[in-house]
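Inspection log for the structure reproduced underneath, given as structure tokens.
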Amino acid sequence: MNGRDSDSKALLAIQYCDKLSPKKRQTLYGAAGTPSELFSYENKRRFEALAGDNAAEIRKAYDEADAVLDGLKKAGVNAVSILDDEYPALLREIDCPPLVLFAKGNVSLLDTFCLAIVGTRRPTRYGAKLADEFSREFARAGITVVSGFARGIDSTAHKACVESGAPTIAVFGCGVDVCYPAENRGLYDAILSSGGLLVSEYGLGVKPAQFRFPDRNRIISGLCRGVFLPEAARKSGSLITVNLALEQGRDVFVAPGNVYSQESEGCNLLLKSMPHALTLSPEDVLDFYRITSSSVKKEPVQLSIAETAVTETLHEGEKHFEELLEETGLSASELSTVLVNLELAGVLEQTTGNYYSLC
């Protein structure tokens with residue numbers, strides 16, 4: 001926050017009460033001439049009527065705002081209010097924007113060109129590969145990838161950025177000091193160490209809860225110019241993000257999926273009603289925004305006979321280790337060595353499970 005003025009403290013107090021809905025916070029924000037005037041003696045009745053059972057908690061947070069800000073500073077968390085210049089302009093435009101964003105990491109990312117990548121928590125190899133490929137290409141083009149830090153597509157997108165040495169923004173449905181899911185602790189640290197940002201509308205210590213994630217999704221789409229959906233089931237929570245993006249006037253890009261796969265039902269149904277959203281490659285998105293990817297030219301790689309046999313087999317598509325064994329005639333130890341060498345050379349990559357595909 002720009003200083004510790006009374007309006008900033010008032011916004012902090014309202015936002016820090018995690019029991020309030022975004023709509024209720026917005027109502028309190030606009031209830032008086034300035035945010036701080038809501039806490040004046042003259043507006044006492046109005047404040048208590050609007051805040052209801054939460055009035056005492058909000059008032060306490062307002063009175064103790066300096067201590068709250070000191071705690072945030074100690075935790076390395078910035079409080080960016082809607083009154084601050086650092087607050088993202090796109091997010092300010094949405095319905096019921098957060099009054100305060102709690103941000104840990106590189107706050108300057110809020111002022112960059114952002115695209116969201118969201119999807120199913122149970123991706124197939126196909127969905128994970130799309131999320132990985134699009135994230136790397138977007139990062140290479142200087143785009144900041146935004147996602148929700150959830151299992152599946154979200155984590156794959158963040159990880160691809162980290163591995164590319166690019167910053168990414170993770171939007172939490174809990175406090176930024178709470179790593180959820182817990183198994184993403186390594187990714188949590190890696191995002192910060194690679195210049196990324198963790199952001200939330202919830203104060204420190206707030207635990208994840210199911211009802212918080214739809215509210216979180218409006219921030220994901222709200223920060224971005226567009227949303228890419230690589231894979232989503234019919235009832236995937238990521239469809240909420242897409243619907244919010246449409247309401248917010250954001251661009252939507254959808255990859256088609258296997259018609260027999262439940263994890264692609266959401267994408268395929270969207271494309272029936274939104275055929276213009278059909279997206280087949282990262283270039284489709286980059287061309288839409290007239291952005292040129294600064295891809296690095298690769299030096300030609302000299303392959304051995306065994307390495308050539310493996311790459312020729314993979315030209316047919318993704319293969320399991322056992323399939324490669326059978327089709328190349330190599331022993332398990334020979335194949336393992338070849339795969340490691342080709343991966344180090346940037347020729348192929350190991351996808352989900354023990355499957356391999358050409359880069």
Accessible area in square angstrom per residue, the chain, 1.4 angstrom probe: 47 Å²
If one compares the long axis through the Cα atoms of helix 125-140 with the longest principal axis of the Cα atoms of the chain, the angle in degrees, nearest 10, works out at 70 degrees
GluC sites (Glu not before Pro) in region 259-359 lying in a DSSP loop, each with at most 11 other Cβ atoms within 10 Å of its Cβ, come to 316
Take the residue pairs 159/235; 24/272; 24/159 and return only those whose Cα atoms are more than 32 Å apart. 24/272; 24/159
Regarding the chain, what whole-number volume in Å³ per residue does the convex hull of its Cα atoms give? 144 Å³
From DSSP H assignment alone, runs of 4+ in the chain each adding -39500 (n - 2.57), the sum over residues rounded to the nearest 500 puts [θ] at 222 nm at -12500 deg cm²/dmol
Relative contact order (%) - criterion: Cα under 8 Å, at least six apart; region: region 169-296: 19 percent
Would you mind calculating the relative contact order of the chain from Cα pairs under 8 angstrom and at least 6 residues apart, reporting the percent as a whole number? 13 percent
For region 1-88, averaging the sequence separation of alpha carbon pairs under 8 Å that lie six or more residues apart and dividing by its residue count, the contact order in percent is 38 percent
Checking a compactness column here: for region 34-164, what do you get for Rg(Cα) / (2.2 N^0.38 Å), N being the number of residues? 1.40
Roughly what % antiparallel, to the nearest 5, for the DSSP beta bridges in the chain? 45 percent
If you consider only alpha-carbon coordinates, what radius of gyration and Dmax does region 226-324 have, in Å? 18.3, 55
Accessible surface of residue 206 - all protein chains present, 1.4 Å probe, nearest 10 Å²: 20 Å²
Percent accessible area from carbon and sulfur atoms, the chain, protein chains only, probe 1.4 Å: 50 percent
How big, on average over all directions, is the shadow cast by the Cα convex hull of region 171-280, in nm²? 7.9 nm²
At a temperature of 4 °C and a viscosity of 1.567 mPa s, determine how fast region 142-187 diffuses translationally according to Stokes-Einstein, using the Kirkwood radius over alpha-carbon pairs as Rh; express D in µm²/s, rounded to the nearest whole number. 120 µm²/s
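The values are calculated or read from the model by the stated rules, or taken from the named source; none is laboratory data. Quick caveat: nothing in here was measured; it's all calculated off a predicted structure. Positions of Cβ are generated from backbone atoms using ideal geometry, with glycine treated the same way; all protein chains shown enter the neighbour counts. The protein model used for the area step is the full one, side chains on, heavy atoms only, and it has no ligands, DNA or RNA in it. Shrake-Rupley method; radii C 1.70, N 1.55, O 1.52, S 1.80 Å.
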